[in-house]
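Data block below; observations after.
Throughout, read-outs are computed from the coordinates displayed, never taken from laboratory work. Because the structure is a prediction, the values reported are computed rather than measured. Don't worry about glycine lacking a Cβ; one is built from the backbone with ideal geometry, like all the others, and counts go over all protein chains shown.
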Amino acid sequence: MADPMKIRANLAGDTTEVKVLMSHEMETGQRKDAQGKVIPAWFIQNVTATWNGKTVLSAEWGPAIAKNPFLSFRFKGGARGDKVQVNWVDNRGDKRSDEATIA
Amino acid sequence: MDAGRRDVLKAGGGTALLTLLAAAGWLKPGEAQAAWNAAAFETHSLDATVKALGGGSAAASKDIAFVSTPDIAENGAVVPIGISSSIPKTESIAILVEKNPNMLAAVFDIPPGTEPAVTTRIKMGQSSNVYALVKADGKFHVASKEIKVTLGGCGG
Amino acid sequence: MRQRIRAAVAVAGFACAVPLALAQGSATEEIEKYRQALQDGNPADLWEMRGEGLWRTPAGPKKATLEQCDLGKGPGVVKGAYAELPRYFADAGRVMDLETRLVWCRVTLQGLSEADAKKNPYGSSNRKSDNEALVAYVTSQSRGIPMNVRLDNPQMKEAFALGEKIFYFRGGPHDFACATCHGEDGKRIRLQDLPNLTAKAGAQKGYSTWPAYRVSQGELRTFQWRLNDCFRQQRFPELEFASPASIALTTFLAYNANGAPFDAPAIKR
Amino acid sequence: MNKSIRIALASGLAAAAVVGCASMEPKPSDAETSAKALQVMKASFKEHGQAKLDRLNQDETQALCSQYAGKELPRSVAEKIEKSNLATIKYPADGKYVGDWKSGEKIAQLGQGGQYSDDPKKPSGANCYACHELSKAEISYGTIGPSLWHFGKLRGYTDEMRRYAWGKVWNSEAFNACTNMPRFGHNGILTEQQVRDVVALLMDPASPVNQ
């Protein structure tokens, strides 16, 4: 199973800033191993972030996103103590869901 | 397990089955709707990407800014990219790398209430133009920036 | 802020027009911008989280956690421990750096064989290293604490003296020593600054920023790895993990860094 | 693997035992510390690919330069090093010092060669850009060595300079004792043809170095 994400969500004024680190290889499918065999592509395809059940960001990614991906964005609203949830699904169907409390 | 799951999805598709999958812990609510635009991630030109994303062509815009994006990347494996749009009704922001094997790196959908600005990190195989493609009110707009990728130190 | 964005866009436009004319000064500035942009959101955090889990989870034949591991400040004291390593451990009868001590604790507390505890010190894709995760966790607990390595016994004094000799030892087909790249102020290899590890400021900057997440590898790398890979590039044979030479060299470099607030896990190219 | 660990441990323990008595004995001499350091190194490195343990056996130049590292190099020692290295330089039999600068540029960019991670069947590079500025087109250059931009243009495209450039690339210790620069020809890092191409990069008026 994939390792947990590290999510930080901080309120500044009326805006919540979310920063996410994900643990993922993001293998491009373009590289070869020492034996010359192509290493199959393995990457996160879909990311969604929700706050109080409302989607605040969704994304489709290709393998050109860097290994151990970082993502940051801001949305209006949010209160200290609210939960922000981030989900990802990769091209193998592996997935991960973690949440953070807005501070 | 992976193959089995896909077969199940192909064979079924009814609500009852999806509920069953969800109950089995294979799917979470909302996941079944997750879409991935495979065609868009296999394009090799800006025009082709815009078409694959459902547009006609993209107009150059001065209202798209690269934020915290260096001109030179010390390593192409991790290139920080920040894009911010001041175009009203921005719906999505895409990142494209001209000289990557496939141009499209990511598409971010921006729902109302979310600032039209995202920061992430991409891979670049070599020095290249990077495009910020913004869809706003149904129309596509684009800005570009050249980012140089440098070589490493000893033994590189 | 707005102004800086506009300036960046202007520079980009200039670079597009005459890419080869990009002046060296601005190249250095842009690399600095690149490094700044990576500071916020260091994937090393993912290793710290995993390492703390490993520290607190029973493992090995003895099904024990590492929470009673004595890193030099008493059993279970992690806070500030890395800032005082390497040190002489009476129970082991020798000088140890953090990674050697972690092997010791995994053997004595968890019952692993020495070979198992030393296996896979440096991870790769699909083969994560417990050593790297544990190092990330332990070192993060010394962040901000000044380095304070003490040569207060004969063993530490000897480790320092041997480490200094190893630092200046020239060998291999390229005649390289550590000092070849790290013996003078203000030098660069390609565009990478080389800390002068023989001077206070350089040693402080160099030592206090390891371990680090290496973006070129997508892995968190420890100080043992740093030494191992420097010797690879020096065209030496392979430095063994937790070997006496690695501990001696670490003692020399860590002592030279004394006084520097420890500032890692960091992020580097 | 197991054996080498055991050796390393034994030597670590031996070191501890020796040090245990050190407080009662006089401080070890510099030579004793050097000898001990070499012993510790031999117990701490293992052969890997092309990098065998004999790489820890220093030649006279390496030993002297290690001994005086961080201190002032006495003039007599410097002369001894330069003289013995000068004698090793093999100049081209056909007197042709200048090859193809385009090949030289590739060699100057390439860092592989000699590392245990390198394929010994592939040609080595000289990695000149790691330490030197050479042409204005390459902004990613190092500063361990001096800038070589306009090398030939400044010094003149003379036979004497070509011969000097050849010698410097072949065995740098002949001209500057304990320099940081590898002895590319002497230690077999580059072939004779590669040296010729690197000399071309420095000395061909058409090379980017001289633009």
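Averaged over D:181-193, how many beta carbons belonging to a partner chain fall within 10 Å of each residue's beta carbon?
Details: counts 3, 7, 3, 2, 0, 2, 5, 1, 3, 0, 0, 0, 0.
Mean inter-chain Cβ contacts per residue within 10 Å come to 2.
Give the angle, between 0 and 90 degrees and rounded to the nearest 10, that separates the Cα long axis of helix C:223-233 from the longest principal axis of the Cα atoms of chain C.
Tilt of helix C:223-233: around 60 degrees.
So how many Lys-Lys pairs in the range A:6-101 land under 21 Å Cα to Cα, not counting same-chain pairs under 8 apart?
17
Report the Stokes-Einstein translational diffusion coefficient (µm² s⁻¹, integer) for chain C, Rh taken as the Kirkwood radius over Cα pairs, at 4 °C with viscosity 1.567 mPa s.
Working: Rh = 19.8 Å.
The calculation lands on 65 µm²/s.
Could you list the GluC sites (Glu not before Pro) in the range C:178-269 that lie in coil according to DSSP, counting only those with at most 15 other Cβ atoms within 10 Å of their Cβ?
On the way: sites: C:E184, C:E219, C:E238, C:E240; in loops: C:E184, C:E240.
For GluC sites (Glu not before Pro) across the range C:178-269 that sit outside H, G, I, E and B with at most 15 neighbouring Cβ atoms in 10 Å, the list is empty.
Note the angle between two axes, namely the Cα long axis of helix D:159-170 and the longest principal axis of the Cα atoms of chain D, as a number of degrees from 0 to 90, rounded to the nearest 10.
The answer is roughly 30 degrees.
How big is Rg to Rh over the protein assembly as shown, alpha-carbon atoms, Rh as the Kirkwood inverse-mean-distance radius? Walk me through the intermediate numbers first.
Working: Rg = 28.3 Å, Rh = 28.3 Å.
That ratio equals 1.00.
Over all pairs of distinct alpha carbons, what does the Kirkwood formula give as the hydrodynamic radius of chain A, in Å?
Numbers: mean 1/r = 0.0690 Å⁻¹.
Value: 14.5 Å, from the Cα pair sum.
Cα axis of helix C:44-56 to longest principal axis of chain C: angle in degrees, 0 to 90, nearest 10?
10
Once you charge only the Cβ atoms, +1 for Lys and Arg and -1 for Asp and Glu, what is the size of the charge dipole of chain D about its Cα centre, to the nearest 20 debye? Spell out each step's value before the answer.
Details: 26 positive and 23 negative charges, 58 e Å.
For chain D, the charge dipole is close to 280 debye.
Determine the calculated [θ] at 222 nm for the protein assembly as shown from helices alone, applying -39500 (n - 2.57) to every DSSP H run no shorter than 4 residues and normalising by the residue count; nearest 500 deg cm²/dmol. Spell out each step's value before the answer.
Numbers: 23 runs with 247 residues, N = 739.
After summing the helix terms and dividing by residue count, I get -10000 deg cm²/dmol.
Between the range D:143-211 and the range C:230-258, what is the separation of their alpha carbon centroids in Å?
Centre-to-centre distance over Cα atoms comes out at 32 Å.
Could you give each residue of the range B:130-138 its phi-based ³J(HN,Hα) in whole Hz, using Karplus coefficients 6.51, -1.76, 1.60 with θ = phi - 60°, and x for Gly or Pro?
After applying 6.51 cos²θ - 1.76 cosθ + 1.60, I find 10, 9, 10, 10, 10, 9, 9, 6, x Hz.
Place +1 on the Cβ of every Lys and Arg and -1 on the Cβ of every Asp and Glu in the range D:21-82, take the dipole about the Cα centre, and give the residue among D:A63, D:P28, D:S44 whose Cα lies farthest towards its positive end.
Farthest towards the positive end: D:S44.
With each label point set 7 Å from Cα along the Cα-Cβ vector, what nm distance links D:D100 and B:E42?
Result: 4.0 nm between the two label points.
Over chain D, what is the mean sequence separation of C-alpha contacts under 8 Å (at least six apart), divided by residue count, expressed as relative contact order in percent? Intermediate results must be reported in sequence, preceding the final value.
On the way: 280 pairs, mean separation 48.2, N = 211.
This gives 23 percent for chain D.
Just counting partner chain Cβ atoms within 10 Å, what average do the residues of peptide D:41-52 show around their Cβ? Present the calculation step by step, with values, prior to reporting the outcome.
Details: counts 14, 2, 4, 15, 10, 5, 2, 6, 2, 3, 9, 1.
Per residue, the number of nearby Cβ atoms from other chains is 6 on average.
Where the only charges are on Cβ atoms (+1 Lys, Arg; -1 Asp, Glu), what is the dipole of the range B:41-140 about its Cα centre, to the nearest 20 debye? Each step should come with its number before you reach the end.
Working: 8 positive and 10 negative charges, 16 e Å.
Charge dipole, the range B:41-140, about its Cα centre: 80 debye, nearest 20.
If you average the sequence gap of Cα pairs under 8 Å that are 6 or more apart and divide by the length of chain C, what percent do you get for the contact order?
Values: 445 pairs, mean separation 58.2, N = 269.
Across chain C, relative contact order equals 22 percent.
Using the C-alpha gyration tensor of the range B:44-156, what are the square roots of 5 times its eigenvalues, in whole angstrom, with the largest one first?
Numbers: eigenvalues 132, 45, 23 Å².
Ellipsoid semi-axes (Å, largest first): 26, 15, 11.
In debye to the nearest 20, how big a dipole does the range A:1-82 give about its Cα centre with +1 on each Lys and Arg Cβ and -1 on each Asp and Glu Cβ?
Working: 11 positive and 8 negative charges, 26 e Å.
Magnitude of the dipole: close to 120 debye.
Just need the relative contact order of chain A here, percent rounded to a whole number, with Cα pairs under 8 Å and 6+ apart.
On the way: 244 pairs, mean separation 34.4, N = 103.
Rounded, it is 33 percent for chain A.
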